[in-house]
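Asker: Pasting a structure here, questions to come.
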Amino acid sequence: MSRTADKIAHLRKTAFEHPEYIDVLLPFEEIFAYVDGKEAGTGIRFAVPEGNGAERVQGGLPLLSPEALSVDRDAATAFLSGLLDVLRRVGREGHADLDRIGGGLSDGSLDLASLYVACLARKRDVVDQAAASLSVQAPLLAFVLEIPLKTALERVSSSLPTERFDGWKEGYCPVCGSRAGMAELSGDEGKRRLSCSACFFLWPFPRIQCPYCGNADPETLSYFTAGDGPTRVGVCRGCSRYLKTCDTRLGNANVPLEAEDLATLHLDLLAGKEGFERGK
């Protein structure tokens, strides 16, 4: 199965075991079903630098810069139009906003290349301005744009050997520069790897260190669990951020972490109640 198919399978399994999650997981299952088999059809391309990139690694510079991104507008518009249809079908609200986004695609008022570059560079003001011009909610526009962008990024990251980034010491992704979205523990020694929130690349990182603020004081780093699943929540009291971690020695070793992230939304709610924010 493809990685996208693996994500669908895990969401279906979770919804079967926890019917109370169906309303939350079903939209994502439908989105992944739309993406499955279309991973090469987003219209987004990246020019991957040649060579081993040792100098970029040593300098803490991600492999892909925003300038490496290019967009085939026709292909990108077709992909997004189909995605909007899916969101209309699975969503109970926001149809008017989705229609306005579709209108922006049709009349060319949405500059997709600039918007994707802004998303990759984490320039939210550009997305906010585009949303305001369409009179739509900015988080919705960002969500719609990020689905094909993440799909395109994952295609790149999955083709890259991990050894290309030997020596990378940063808490952000060596491929695209995005924050860590989750972590995993694996192997007999439970070594830790961070998972990018955008391209899902995995890279090694010290277990006793916050990837967001660099705090390495064990007295202010801890974790909590809920239930008997393999995923727990690591928290940093230095910056009040948290990061969910799947201990694959306990299960779900072959589950894509993006799917495990969605399947453990209850942990996000618990972390929020404890006063912690998701790392960014």
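Asker: Give the stretch 1-33 a look and list any residue that's of a type outside the set (S, T, N, Q) and either in the same structural domain as His266 (by TED's automatic domain parsing) or outside any helix (DSSP H, G or I) (or both), or say none.
Answerer: Matches in the stretch 1-33: Met1, His18.
Asker: If only one of Glu50, Glu39 is among the acidic types (Asp, Glu) and either in contact with a helix residue (DSSP H, G or I) (Cβ under 9 Å, 6 or more places away or on another chain) or touching a residue at least 12 places away in the same chain (Cβ under 8 Å) (or both), which one is it?
Answerer: Glu39
Asker: So Val233 ticks every box in (1) aliphatic (A, V, I, L, M); (2) under 20 Å from Asp188 (Cα atoms); (3) touching a helix residue (DSSP H, G or I) at 6+ places or on another chain (Cβ under 8 Å) but one. Which box is left unticked?
Answerer: Tallying (1) aliphatic (A, V, I, L, M); (2) under 20 Å from Asp188 (Cα atoms); (3) touching a helix residue (DSSP H, G or I) at 6+ places or on another chain (Cβ under 8 Å), Val233 fails exactly one: (2).
Asker: Considering the stretch 48-76 alone, what residues qualify as being assigned to a loop (DSSP other than H, G, I, E, B) and farther than 19 Å from Cys196 by Cβ?
Answerer: Glu50, Gly51, Asn52, Asp72
Asker: Output the number of residues of the stretch 15-45 satisfying the condition of being in contact with a Pro (Cβ under 7 Å, 6 or more places away or on another chain) and either of a type in the set (A, V, I, L, M) or surrounded by fewer than 17 Cβ atoms within 10 Å (Cβ to Cβ) (or both).
Answerer: Within the stretch 15-45, residues that are in contact with a Pro (Cβ under 7 Å, 6 or more places away or on another chain) and either of a type in the set (A, V, I, L, M) or surrounded by fewer than 17 Cβ atoms within 10 Å (Cβ to Cβ) (or both) number 1.
Asker: Consider Val90 against the criteria (1) free of Cβ contacts under 8 Å to residues at least 60 places away in the same chain; (2) on the phi < 0 side of the Ramachandran plot; (3) surrounded by fewer than 16 Cβ atoms within 10 Å (Cβ to Cβ): it satisfies all of them except one. Which criterion is unmet?
Answerer: In the conditions (1) free of Cβ contacts under 8 Å to residues at least 60 places away in the same chain; (2) on the phi < 0 side of the Ramachandran plot; (3) surrounded by fewer than 16 Cβ atoms within 10 Å (Cβ to Cβ), Val90 misses (1) alone.
Asker: Still on this model: Kindly provide the set of residues from the stretch 237-280 that are closer than 17 Å to Arg3 by Cα and not polar (S, T, N, Q), ordered by number.
Answerer: Listed by number, the residues that qualify are Ala253, Val255, Pro256, Leu257, Glu258, Ala259, Glu260, Asp261, Leu262, Ala263.
Asker: With touching a Cys at 6+ places or on another chain (Cβ under 7 Å) and among the aromatic types (Phe, Trp, Tyr) as the only criterion, which of Phe201, Phe224 stands out?
Answerer: One residue alone meets the criteria, Phe201.
Asker: Do any residues in the stretch 126-150 that are at positive phi have Cβ atoms under 9 Å from those of residues that are acidic (Asp, Glu) and in a helix (DSSP H, G or I), where the two are at least six apart or on different chains, and which pairs are they?
Answerer: These pairs meet every condition: Ser135/Asp97.
Asker: Related question: Just to confirm my filter: which strands (runs of 3 or more DSSP E) fall fully inside the stretch 216-258 and include at least 2 residues that are within 17 Å of the chain's Cα centre (by Cα), surrounded by 15 or more Cβ atoms within 10 Å (Cβ to Cβ) and modelled with pLDDT of 95 or more?
Answerer: Where strands (runs of 3 or more DSSP E) fall fully within the stretch 216-258 and carry at least 2 residues being within 17 Å of the chain's Cα centre (by Cα), surrounded by 15 or more Cβ atoms within 10 Å (Cβ to Cβ) and modelled with pLDDT of 95 or more, they are 241-247.
Residue-by-condition table, conditions (1) of a type in the set (A, V, I, L, M); (2) within 20 Å of Ala132 (Cα to Cα):
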position: Ser65; (1), (2): no, no
position: Ala68; (1), (2): yes, no
position: Ala78; (1), (2): yes, no
position: Arg88; (1), (2): no, no
position: Arg92; (1), (2): no, no
position: Ala96; (1), (2): yes, yes
position: Gly108; (1), (2): no, yes
position: Ala113; (1), (2): yes, yes
position: Tyr116; (1), (2): no, yes
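Asker: Looking at Val126, Val71, Val117, can you tell me which residue is surrounded by fewer than 19 Cβ atoms within 10 Å (Cβ to Cβ), over 23 Å from Glu30 (Cα atoms) and β-branched (Val, Ile, Thr)?
Answerer: After applying the criteria, what remains is Val126.
Asker: Name every residue in the stretch 133-181 that is part of a loop (DSSP other than H, G, I, E, B), surrounded by fewer than 16 Cβ atoms within 10 Å (Cβ to Cβ) and among the hydroxyl-bearing types (Ser, Thr, Tyr), in order of residue number.
Answerer: Ser135, Ser158, Ser159
The values are calculated or read from the model by the stated rules, or taken from the named source; none is laboratory data. These numbers were taken from a predicted model, which means no experiment stands behind them. All Cβ positions, even for glycine, are placed from backbone atoms using ideal geometry, and neighbour counts span all protein chains on display.
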